[in-house]
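Below is one structure, written out as structure tokens, with a few remarks after it.
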Amino acid sequence: MKSLLSTTAVLISLVSTAAQAETFTISWWGYNGEKLQANIVEPFQKICGCEVIFETGNNADRLGKLQARGSTGVDVIYLSDSFSQLGIEAGTFQKIDRSRLTNIGSLYDMAQDPQGGFGPAYTVGRVGVVYDAAKVAPITSWGDLWREDLAKQVTLPGITTTAGPMVVVQAGKHAGVDAYEDADKAFEAVAALAPNSVKNYNTGSEMVNLISTGEASVAIAQDFSFTSLKAAVPTMEWAQLSDGDIATVNTVNIPVGAEHVDMAYKFIDFILSKEVQQINGEQGVDAPVNTSVDLTPEQATTWTYGADAIAKLSRMDYAKMNTVKSDWIDRWNELFGG
């Protein structure tokens, strides 16, 4: 009888503990699920004694859901910087107390505070130009996209993609103006680029398909797609641009209605740690922003990695872009169809 009572008491204790275990909710894309489970979720559950649950989807859908709930129901949210800027402007996120992040000082400056006091960047990528070296002469600047020998050989990202507005910014520079201040001149340059464009793409896989079928030989691309491009067309090269690539920054923020703020700080500090950044970099999950990470040349091949690479990147001003985006979309669609 005593043994039965003792066993029952233990079971009741375990059930009670399980019932009291808090849930910690992450909103992210859900790519590399098995690696994220092993590298982040399982270790963090041991740290927090909590159950980690997820919301997955693209940037727009997840940010929209969070805002529709009054910024509640999620403890941390992963977003690209163009979407986190929208959340900042809408008052969706808390400002970050960086004194609570022990690993923040180990990050590249660009990653520590990319958007004026809000969430840090946990990874940095880049947008640049790729080309088939077997078909076209080397491309060494953004201005080369306007070369006459590239007629009907370039695939441009659609204006609503991450890289789309970057085309307009670079067109402005080609015309000698600030695209945010002089959209007329910038779009005159976009119109001058149109004869070189064979088709706009809206997804990375669509871009890879256009290159692999030979419909295009040049593309404006994000670095995460380069491995697939190179596998499809071994003669593809990442252009070494004299005027540099453009940074794509992925951030992690705490919503104003987050239920577990203390745990959110622990989580952010955890994903910024050398250990997590190292294994994610080694396994091809995310480019590291922790300066103490050490990757082999092979591991670093597809990443924006190292102080020199980071220093060469330029940033998009998404606060300015958000004020002109609707106009740019209309102008773009007049040129290319929408």
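Tabulated results
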{"quantity": "Over the stretch 97-234: Kirkwood hydrodynamic radius from C-alpha pairwise inverse distances, Å", "calculated": "16.6"}
{"quantity": "For Pro234, net neighbour charge (Lys/Arg +1, Asp/Glu -1) across residues whose Cβ lies under 13 Å away", "calculated": "0"}
{"quantity": "Rounded Å value of the spacing that divides the Cα centres of the stretch 52-82 and the stretch 286-338", "calculated": "21"}
{"quantity": "Estimated D of the chain in µm² per second, where Rh is the Kirkwood radius over Cα pairs and Stokes-Einstein applies at 4 °C, 1.567 mPa s", "calculated": "60"}
{"quantity": "Under-5 Å amide H pairs with Tyr201, H placed in peptide plane, nonlocal only", "calculated": "Leu156, Gly158"}
{"quantity": "Lys173 - accessible surface, heavy atoms, 1.4 Å probe, Å² rounded to 10", "calculated": "120"}
{"quantity": "Helix runs (DSSP H) in the chain reaching 18 Å along axis by Cα, Kyte-Doolittle at least 1.0", "calculated": "2-20"}
{"quantity": "Beta bridges per DSSP with both ends in the chain, % antiparallel, nearest 5", "calculated": "55"}
{"quantity": "Cross-link pairs beyond the 29 Å C-alpha cut-off, checked among Lys230/Lys312; Lys46/Lys274; Lys35/Lys65; Lys35/Lys152; Lys266/Lys320; Lys95/Lys274", "calculated": "Lys35/Lys152; Lys266/Lys320"}
{"quantity": "Placed amide H near Phe93: partners under 5 Å, 5+ positions off or other chain", "calculated": "Val256"}
{"quantity": "Accessible surface, 1.4 Å probe, highest first, among residues Tyr122, Tyr180", "calculated": "Tyr180, Tyr122"}
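The values are calculated or read from the model by the stated rules, or taken from the named source; none is laboratory data. If you're wondering where the values come from, they're calculated on a predicted model, not measured in any experiment. As a convention, Cβ positions derive from the backbone with ideal geometry for all residues, glycine included, and neighbour counts pool all protein chains shown. These accessible areas exclude ligands, DNA and RNA; they are computed on the full protein's heavy atoms, side chains included. Shrake-Rupley method; radii C 1.70, N 1.55, O 1.52, S 1.80 Å.
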